[in-house]
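For reference, the structure is listed below as structure tokens.
Each value in this text was obtained by applying a stated rule to the coordinates, not by laboratory testing. Note that the structure is a prediction, hence the values are computed from the model and not measured. Cβ placement follows ideal geometry from the backbone for every residue including glycine, while neighbour counts extend to all protein chains displayed.
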Amino acid sequence: MIQLEKRPQPSRLWTFLTPMLAVVITMIVGGALFAALGKNPVEAIRTIFWDPLFGEFAFYYRPQLLVKAAPLILIAIGLSLGFKAGIWNIGAEGQYIMGALAGAGVGLAFYPLEAAYIFPLMVIAGALGGWAWGMIPGLLKTRFGTNEILVSLMLVYVAEQLLAKMALGLLRNPDGRGFPGSRNLQQYPSAHNAEIIAGTGIHWGVVAALIAVIFAYILFTRHLLGYQIRLAGQAPKAARFAGVNPARLTLVCLGLSGALAGLAGMFEVSGPAGQINIDFNVGYGFTAIIVAFLGRLHPVGILLAGLLLALTFIGGENAESNLGLPAAAIQMFQGMLLFFLLAVDVLTNFRLRWKTAEVV
Amino acid sequence: MDLSSINPTLLLASLIVASTPILLAALGELVVERAGVLNLGVEGMMITGAICGFAIAVNTGSPFVGFIAAALGGAALALLFAILTQLALANQVASGLALTLFGLGLSALLGQGYQGIKPPPTANIKIPVLSDLPVLGPVLFSHDLMVYLALALVATVWFVLNRTRAGLILRAVGENHGAAHALGYKVIRIRILAILFGGACAGLGGAYLSLVRVPQWTEGMTAGSGWIALALVVFASWKAGRVLLGAWLFGGISVLQLNLQAAGVAIPVEYLSMSPYLITILVLVIMSADKSRAPASLGRTFHASD
Amino acid sequence: MSLTRILASAVMALGLAGTALAEDKTKVGFIYVGPIGDGGWTYEHDQGRLAVEEHFGDKVETVFQESVPEGADAERAITQMALQGADLIFTTSFGYMDSTINVASKFPDVKFEHATGFKTADNVSVYSARFYEGRAIQGHIAGKMTKSNVIGYIASFPIPEVIRGINAAYIHAKAVNPDVEFKVIWVYTWFDPPKEADAATALIDQGADVILQHTDSTAPQAAAEKAGVISFGQASDMAEYAPLPRVSSIIDNWAPYYIARTQAVIDGSWESTETWDGIAPGMVEIGAISDAVPAAIKAEALAMKDLIASGQYHPFTGPLNKQDGTPWLAEGEVADDGTLLGMDFYVEGLTAEIPQ
């Protein structure tokens, strides 16, 4: 039977090969699915993976990929810090919401005043909102030893209810004819996270995501905190001997990941989304967890994983409207891609060996 | 405001029905987590169960067969998760989330053509004598088979976990998989079985929605029930009896707020809706001081060479 | 206009020109907020799309995208349809309003139609259905049919559209049955079958024997069937629940409008308009009144429908007071569209408060 034998070192070759292998398997299985639905599989795969990058309208889709991937990357970078240290924040969705609420709240508080300081204040408020929401599981863990996975998840539901409350109450647009939802920040120049390069849709959130990638890369390769994070994740006991303060590390990781998720929410609400509304959150906080793992918790990997996921979103939409593929098929296709990406990673850390059954 | 229009007996009876889907799903997830595995794909397994149960019940005309199909469907999806996390050693959090995405898509595809169809009715079984009791009769003893089954499952899960050798082994695996392995227990095999059981229960919960509580099929009809089930397990501090209490609390708050509204009470809906989650966090904090904590190996990957 | 914006629109125009040449069919796009199988709101819009396909045959090609979240994703979805050469795009949810306006400003040659909104542009029209006309007829039937004199109403969000429906139904139930009482539950969702079912059950448990709903799933119908009370289809006919519990329905029939607007684009006669149509042009349809309703009541209901259709009767005709007793409409006075569109008050007699 097949047995897994742990490699002494993760294989460098397979680190690069596995994602490609997964994409190829997904194309084959997904193609079969599309064929079963009566669509031309080659055309469907081309629409999803090729057209947004090199098709006729690539000039529009290429920057849109960055826009779609930016919040995923920003959140995933923050999460990867904690994940490496064995600190599990799975409530980024809640921190994303709170960042958006805080950022938009500050912006709307100034309405209709026009001033250059409003947007920077909103950025700070967004980061603080997410940070505060991330610190709750952090403080509970360090004070009482409460499991941060579960507390951060519970806080997502609480944040969703707060979002509904705000969209229907305090932040509701007084000129919105009674519909839920805040004023559109795109129409409030001082609070608008506007395009940096016209016609592309690229906004400050994209810049922030790229900075976060670089920042995380330097942190892990050059900085003491990065070393401590890795040590705490790989060898908690050794970390303690080396003087790592686990409580401090927990707070730093949860606070930072919360702040980055909050920033992502703030950039999204003041830019592409425009307004606080009941369905403002569309699951970026959860998808980012997948992005972090697909990127193998490495900053560059996360960048690529975020872009790949954005590609399947945008390409998938195209396949829906151009080829009439049901949204459900695209959703399944994405689920498959994630499965295969997660499954083949085993080859990086393990070797497959044929063995005769052992006597236990 | 007219609180007298709320009939407590009817309120409790509909509370029991409303809490059954999350109760079933949470019981399954409880066993999974007790084995040391965190499967965040409950929502995906529930909705897959909902459509499998619905489609088979419609085609066979038998809700009973439908429920069996739902359990199989949920378990089949759980098998994917088991392969990923137990054999390919993938991260459980990411795999669970991917499972939800996959399940939502799969169910929507399977469900095409089942919209607007009515499933065969699931009969209420009035237990003789008991169902004639005042208050208790209509609240507890005038429901369909699945309600009784769910209640029986609470007792069974409690019994197996706490009073049998199998339960002891399962808990040992969840607490310290290294030690359990050293003692000669097949950690991976036990976990896979627990995951399959969890999937079957989630599937039943989903089918209860599509066949009894709603009863119809619509895309995305679980509308977050799976996530509530996850919260419920934590709220219950991994104890079967408390899952039942929690299901009534979580289901009850929703039913209660709707009833209060109907009675004309102006209530802050959002604050009421977030209260179960805040209570859960509070319970978690109190529990951390206590000895009964989360299974120690929860969410950690096991490989014999570790 | 800044240089960068000119450049941007030039780039867009270039992209457009590329496809416009290859086109001879008229391409019509639809953006849906839910899945086409929701059995209610989105389902009816998709029926409208299919009607366009059937009506024009080879002359028209339709495309659609379902379950598009409101916000950033909507803007991209609409843009991509415009890029792919759509000549006319229907965006079918209120939340697409600003996205539609944004995209429309970048594609001056593409026509846009936004459902239920209020912002227009040279190439953006808005359209909506006078649903309250149907509500009035439902209210009449409900008031006559109820035996407990308690009518349950499952409401989604406290917005003018929903409040208008509650008022219209109440006024006409009260007119035929002075003892009638409305119980309203706000579920804060358009689509959540388990919650809608629970809400229906709660209303029934508290004595309601007629259920009206302003949410999109058929879950309340099933709950009504189980409890043996009557209900009305919403947005879609929900005929699978006829003759009981569903005794009638209000149907959004978008097909005539979609066909007319597509024809206008083909003819080159399309202009930006604001349409708010009711029973008369067929945008609001009353689903068959089932035999569970006595013939006399059915005849009255149909008579009211004819009067509304012919314009002889307006469901909001005075004398009507607001909930707090202040006069709203004098004897014979008819509500103006502005007040109706921004309706944020109950009429006299409704006991609950609108949540804030």
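Please give me the summed charge of the neighbours of A:GLU93: other residues whose Cβ is under 14 Å from its Cβ, Lys and Arg +1, Asp and Glu -1. Around A:GLU93, the surrounding residues sum to -4. Hydrophobic, long helices, defined as DSSP H runs whose alpha-carbon span along the helix axis is 24 Å or greater and whose mean Kyte-Doolittle value is at least -1.0, occur in chain B at B:8-34, B:42-60, B:63-82, B:92-110, B:145-163, B:187-208, B:240-262, B:269-289. Under the convention that each Lys and Arg Cβ holds +1 and each Asp and Glu Cβ holds -1, the size of the dipole of the protein assembly as shown around its Cα centre is about 5320 debye.
For C:LYS119, a cut-off of 21 angstrom between C-alpha atoms picks up these lysines, skipping any fewer than 8 places away in its own chain: C:LYS106, C:LYS111. Separation of the alpha carbons by more than 30 angstrom is noted, of B:LYS126/C:LYS195; A:LYS141/A:LYS237; A:LYS68/C:LYS59; C:LYS144/C:LYS226; B:LYS239/C:LYS183; B:LYS126/C:LYS144, for A:LYS68/C:LYS59; B:LYS239/C:LYS183; B:LYS126/C:LYS144. Dipole of chain B computed with +1 at Lys/Arg Cβ and -1 at Asp/Glu Cβ about the Cα centre; of B:PRO134, B:TYR185, B:ILE279, farthest Cα towards the positive end is B:TYR185.
Enumerate the amide H contacts of B:LEU40 below 5 Å, restricted to partners 5 or more residues apart or on another chain; note that Pro and chain-start residues carry no placed amide H. HN-HN under 5 Å from B:LEU40: B:GLY96, B:LEU97.
The calculated 222 nm mean residue ellipticity attributable to helices in chain C amounts to -13000 deg cm²/dmol, summing -39500 (n - 2.57) over DSSP H runs of n ≥ 4 and dividing by all residues. For the pair B:THR60 and C:SER310, label points projected 7 Å from Cα toward Cβ lie 5.8 nm apart. State which helices in chain A qualify, where a helix is a whole DSSP H run, it must extend 20 Å or more along its own axis by its Cα atoms, and its mean Kyte-Doolittle hydropathy must be at least 0.5. Result, helices passing both filters: A:12-36, A:58-84, A:92-110, A:118-144, A:148-168, A:204-222, A:246-270, A:299-323, A:327-344. Residues A:ILE90, A:ILE45 in ascending order of nearby Cβ atoms (within 10 Å, fewest first): A:ILE45, A:ILE90.
The Cβ shell under 14 Å around B:ALA26 holds other residues with a net charge of 0, Lys and Arg each +1, Asp and Glu each -1. Remark: the Cα gyration tensor places segment A:236-360 in the oblate category, a/c being 1.5 or greater and a/b not exceeding b/c. At 222 nm, what value in deg cm²/dmol follows for chain B if DSSP H runs of at least 4 each add -39500 (n - 2.57) and the sum is divided by all its residues, to the nearest 500? Dividing the helical sum by the residues of chain B leaves -22000 deg cm²/dmol.
Dipole of the protein assembly as shown computed with +1 at Lys/Arg Cβ and -1 at Asp/Glu Cβ about the Cα centre; of C:ALA235, A:TRP88, C:ALA77, farthest Cα towards the positive end is A:TRP88. Overall, the anisotropy analysis places chain A in the oblate class: the square-rooted eigenvalues a ≥ b ≥ c of its C-alpha gyration tensor yield a/c not less than 1.5, with a/b not exceeding b/c.
Taken as Cα centroids, segment C:30-57 and segment B:166-236 sit 38 Å apart, rounded to the nearest whole angstrom.
With the Cα gyration tensor of the protein assembly as shown giving a ≥ b ≥ c as the square roots of its eigenvalues, does the rule (a/c under 1.5 for rounded; else a/b larger than b/c for prolate; else oblate) give rounded, prolate or oblate? Oblate, since a/c reaches 1.5 and b/c is not below a/b. At 222 nm, what value in deg cm²/dmol follows for chain A if DSSP H runs of at least 4 each add -39500 (n - 2.57) and the sum is divided by all its residues, to the nearest 500? Result for chain A: -23000 deg cm²/dmol, rounded to the nearest 500. Seen from B:TRP217, the other residues with C-beta closer than 13 Å to its C-beta sum to a net charge of -1, counting Lys and Arg as +1 and Asp and Glu as -1.
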